[in-house]
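First comes the structure, then the notes that go with it.
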Number of protein chains: 2
Amino acid sequence: MPIAQRESISSSTTATKMRLLDVSGRLFAESGFDSVSLRLITENAEANLAAVNYHFGSKEELIAAVVEKLVGPVNQRRLALLRQINLDVSGACQSIVEAFIDPVIEAASRGDEEDQRFCKLMSRCIASRDERITSLVLRQFPEVLAKFVDALRLVCPWISSDVAHMRIMFMAGAMAHSLFHYDKLVIISEGRCEISSLDSLRNELVQFLSAGMSAGTSK
Amino acid sequence: MPIAQRESISSSTTATKMRLLDVSGRLFAESGFDSVSLRLITENAEANLAAVNYHFGSKEELIAAVVEKLVGPVNQRRLALLRQINLDVSGACQSIVEAFIDPVIEAASRGDEEDQRFCKLMSRCIASRDERITSLVLRQFPEVLAKFVDALRLVCPWISSDVAHMRIMFMAGAMAHSLFHYDKLVIISEGRCEISSLDSLRNELVQFLSAGMSAGTSK
DNA sequence: AACTCAATTAAACGTTTGTTTGAATTATTT
DNA sequence: AAATAATTCAAACAAACGTTTAATTGAGTT
């Protein structure tokens, strides 16, 4: 009878359910949401094949659980950091960028998991091209976007609303792309570039984006 | 006997084969490479289900044909534009950014297809997270990356090799992300932002990236 | 007109997918 | 201890997938 107790389950959080969430995140990070089968997940979680449908209802709801568990706290932290910024002092634009970037870096470094895996999963969420994923991610994003646009325009008054929105999008893209692919840079550059740590990537991202965010307008 | 004539086919370019390539590009742009089935492709191309395997050998080789047809000319054009730049004059950094961006914008605007669809397909190639795709795309990229790194460091001598590599990656990410998602910005911004044309997006991208590329280093 | 070979077709193949079922097991409550 | 609910399990399900096969068509050549 796996239907009636759906609601009582969502609060119980069985050990199996948590293991499924954890293993799913690991596998999704490496291969994407669609490529990972329920059989691979349940085998790695040492659970039965039917466990996902029992605990989450469907694969899609499992994905939703993984995604929301990941992006929710990050967006909350972004808003919290943004509120702490003194928008009057010089360097406030860099603080805005940091408020957008650092919650992701923090979460990646804090977790017991490996940095890269967390970054890849986060990148798959933020810059997904699957509407089923983006609809989940973008649900919370309008508030974040609006707050960051307001902050940016307070610090850089010469930026129009349209341009501010675009620049937030550019920032998200640069971050998501580099978070996912930075480990490949040593190969593509044929050994000429090596990123020593996630922190060094973060520093260069902040440097690059701060300049872009505060750039003057063309005309 | 679909094996022996494989090479004679690749030069004949049947009407069916071209239709398959065209339809595949359209469908891949909208839904991604994996989500589009051979049945959907062949139905839209008014061809038989077996046509893809006959003309291309497999679905994977069809994807490879679509990808290489798309990214090859763009990278060639990038290198051509880069060679034309006078690296001594001021504003050379912006020219470098334009040499990276404009080949994509040109190709999107030139094609008979709709802008957005082309942008989405291009974005799926450039910033793919599927190793089967990235291995195709990145095959030509080391040369492009190296040339752009060299040009950037000539114009901005204070940038180290590592940082130059990263900034190219940031640029690619900002471009790919915004090319794919810019039509969603009007929804996410809840009507507060609307991108009038692909050209306006291009102009803001150039403005943003030029500032980021030429930014000073942190210490 | 007979032959040749590329191209198309309909049908079936074997896998893999997410999901469902009903019984067995374990845990919790009465 | 008995009864009830929650969880696990093996097995099977239908659907969708890429691929293959063998027969058929059609144009170009000998």
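The values are calculated or read from the model by the stated rules, or taken from the named source; none is laboratory data. Note that this is a predicted model, so its numbers are computed, not measured. Reconstructed Cβ throughout: ideal geometry from the backbone, glycine too, with neighbour counts over all protein chains shown.
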Exercise for the section: Inspect segment B:68-83 for any residue being closer than 17 Å to B:Ser210 by Cα and surrounded by fewer than 19 Cβ atoms within 10 Å (Cβ to Cβ) and give the result as yes or no. Expected result: yes
Exercise for the section: Can you work out which of the residues in segment B:128-165 that are at the interface with chain A (Cβ under 8 Å from one of its Cβ atoms) and among the hydroxyl-bearing types (Ser, Thr, Tyr) is surrounded by the fewest Cβ atoms within 10 Å (Cβ to Cβ)? Expected result: B:Ser161
Exercise for the section: Have a look at A:Ile168, A:Ile133 and point out the one that is closer than 17 Å to B:Glu190 by Cβ and modelled with pLDDT of 95 or more. Expected result: A:Ile168
Practice task
Scan segment B:178-198 for residues that are over 14 Å from B:Ser123 (Cβ atoms) and in a helix (DSSP H, G or I) and report the count.
Solution key: 4
Handout entry: Criterion: surrounded by fewer than 18 Cβ atoms within 10 Å (Cβ to Cβ), within 16 Å of DNA strand C (Cβ to nearest atom) and of a type in the set (S, T, N, Q) - qualifying residue of A:Ser90, A:Ser109, A:Ser37
Key = A:Ser37
Exercise for the section: Would you check which residues across segment A:178-192 are of a type outside the set (D, E, K, R) and in contact with a Pro (Cβ under 6 Å, 6 or more places away or on another chain) and list them? Expected result: A:Ile188
Problem - Cβ pairs under 8 Å, 6+ apart, first in segment B:49-64 and away from chain A (no Cβ under 14 Å), second among the hydroxyl-bearing types (Ser, Thr, Tyr) and near DNA strand D (Cβ under 7 Å from one of its atoms) - result: B:Val52/B:Ser58
Completion exercise
Of the residues in segment A:166-194, those that are facing chain B (nearest Cβ under 7 Å) and either hydrophobic (A, V, I, L, M, F, W, C) or touching a strand residue (DSSP E or B) at 6+ places or on another chain (Cβ under 6 Å) (or both) come to A:Met166, A:Met169, A:Phe170, A:Ala172, A:Ala174, A:Ala176, A:Phe180, A:Leu185, A:Ile188, A:Cys193
Completion exercise
Within segment A:20-48, the residues that are touching a residue at least 12 places away in the same chain (Cβ under 8 Å) and more than 15 Å from A:Arg124 (Cβ to Cβ) are A:Leu20, A:Leu21, A:Asp22, A:Val23, A:Leu38, A:Leu40, A:Ile41, A:Thr42, A:Asn44, A:Ala45, A:Glu46, A:Ala47
